[in-house]
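One structure is given here, and the rest of the page talks about it.
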Amino acid sequence: MSETLEGPTPGFLVWRLSTKWRVAVDRTVAPLGLTHAQYSLLSSLYGMERSGERPSQRRLADHTGLEPLYVSKLARALESSGLIERAADPDDSRAVRLSLTGPGREAAARAITEVHRLLDRLLAPLGGRDSARTAALVGELTTLLDAPLDAPPDPPIEE
């Protein structure tokens, strides 16, 4: 016997929230001349560099969840804007390493500051960025993101 959910499904709510978040970030970073996708790339690269990493485009794609071809397109656009540098990987002729330029580092830092302000506003209903409710939400979202897409379904429960 199947049960019908009352109200919106979890998938619908995740989709709506991700759409709301994308629009909010786009509006926040647009005055800085960035899109949400460009912000994701710059801020991720900023964090990785601060950790001592100079990632390849592929590594950045894996980190952000963006398609490798899209990361390549974004990287070329950001390079032409003078915000990042692309260089051949000396250890792998197929790989391209990315790094922020001085202006790219400044743009990333400004954008991160603005997006953190946005995050403070959006997470206020849960008690803010450092609340237990936000930590629980992060944990649940991480569980969903870590679940493989091709996992076999759980066997039906017999009554």
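The values are calculated or read from the model by the stated rules, or taken from the named source; none is laboratory data. As the structure is a computational prediction, the values presented were derived from the model and not from experiment. Neighbour counts are summed over all protein chains in view; Cβ atoms, including those assigned to glycine, are modelled from backbone coordinates with ideal geometry. Just so you know, the surface numbers come from the protein's heavy atoms only, side chains and all, with ligands and any DNA or RNA stripped out. Shrake-Rupley method; radii C 1.70, N 1.55, O 1.52, S 1.80 Å.
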Qualifying positions in the range 78-109 - buried (at least 18 other Cβ atoms within 10 Å of the Cβ) and touching a Leu at 6+ places or on another chain (Cβ under 8 Å): L78, L83, I84, L98, L100, G104, A107, A108
Elements of type helices (runs of 4 or more DSSP H) contained in the range 3-71, each with 3 or more residues being under 15 Å from I112 (Cβ atoms) and in contact with a Ser or Thr (Cβ under 8 Å, 6 or more places away or on another chain): 36-50
Extreme residue, nearest to the chain's Cα centre (by Cα), among residues of the range 66-77 that are within 16 Å of R94 (Cα to Cα) and buried (at least 19 other Cβ atoms within 10 Å of the Cβ): V71
Matching residues in the range 82-109 - criterion: being at pLDDT below 95 and more than 12 Å from P55 (Cα to Cα): P90, D91, D92, S93, R94
Qualifying residues in the range 16-65 (those that are touching a strand residue (DSSP E or B) at 6+ places or on another chain (Cβ under 7 Å) and basic (K, R)) - the one surrounded by the most Cβ atoms within 10 Å (Cβ to Cβ): R58
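Table: residues versus (1) open to solvent by 60 Å² or more (accessible area, probe 1.4 Å); (2) in a loop (DSSP other than H, G, I, E, B); (3) of a type in the set (A, V, I, L, M, F, W, C); (4) modelled with pLDDT of 85 or more.
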{"position": "A111", "(1), (2), (3), (4)": "no, no, yes, yes"}
{"position": "R129", "(1), (2), (3), (4)": "yes, yes, no, yes"}
{"position": "R133", "(1), (2), (3), (4)": "yes, no, no, yes"}
{"position": "E158", "(1), (2), (3), (4)": "yes, yes, no, no"}
Matching entry among D120, D150 (being open to solvent by 50 Å² or more (accessible area, probe 1.4 Å), among the acidic types (D, E) and either touching a strand residue (DSSP E or B) at 6+ places or on another chain (Cβ under 8 Å) or part of a helix (DSSP H, G or I) (or both)): D120
Residues of the range 42-64 satisfying the condition of being under 12 Å from the mean Cα position of the chain (by Cα) and touching a residue at least 12 places away in the same chain (Cβ under 8 Å): L42, S43, S44, L45, L60, H63, T64
Condition check for E140: in contact with a helix residue (DSSP H, G or I) (Cβ under 6 Å, 6 or more places away or on another chain) and either surrounded by fewer than 12 Cβ atoms within 10 Å (Cβ to Cβ) or assigned to a helix (DSSP H, G or I) (or both): no
